[in-house]
1. Could you tell me which numbered condition G71 fails, if it satisfies all but one of (1) in contact with a Leu (Cβ under 8 Å, 6 or more places away or on another chain); (2) part of a loop (DSSP other than H, G, I, E, B); (3) at pLDDT 80 or above?
2. Can you tell me how many residues within region 23-68 are part of a loop (DSSP other than H, G, I, E, B) and modelled with pLDDT of 90 or more?
Amino acid sequence: MDTINTVLLTGSMGFLGRFQALAWLECLAATGGRLILIARGANTEQARLRVEEGPQRDAALLAHFRKLADGHLEVVRVISACPIWASMWRTGRALQEASISLFTPPRM
């Protein structure tokens, strides 16, 4: 199997999704890959803060998350009223020429 370099993860704001995001970050940071997460927010900074809401309950977990995220995490901001794929397209084609593995955590 080829090495996965880029993963687009949807659903990372949910309970299971945040653990999937952390697991993917651990794998991708070790191989130099990147994880792309989708989050709502008024701007990119607010979307990034939403992504950190789950880990921030535990200071050690948040520090671990931020260390892994440095250089390996990209947060794509979407507008909640806009379909995700249309919003991503307007983001500057962040996924262009990337080898993408799409994984959506199942809803419980």
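The values are calculated or read from the model by the stated rules, or taken from the named source; none is laboratory data. Note that this is a predicted model, so its numbers are computed, not measured. No Cβ is skipped: glycine too gets one built from the backbone with ideal geometry, and neighbour counts run over all protein chains shown.
1. So G71 meets the others, but not (1).
2. Taking region 23-68 first, the residues part of a loop (DSSP other than H, G, I, E, B) are 32-33, 41-43, 52-54, 58.
From what's left, modelled with pLDDT of 90 or more: 32-33.
Number of matching residues: 2.
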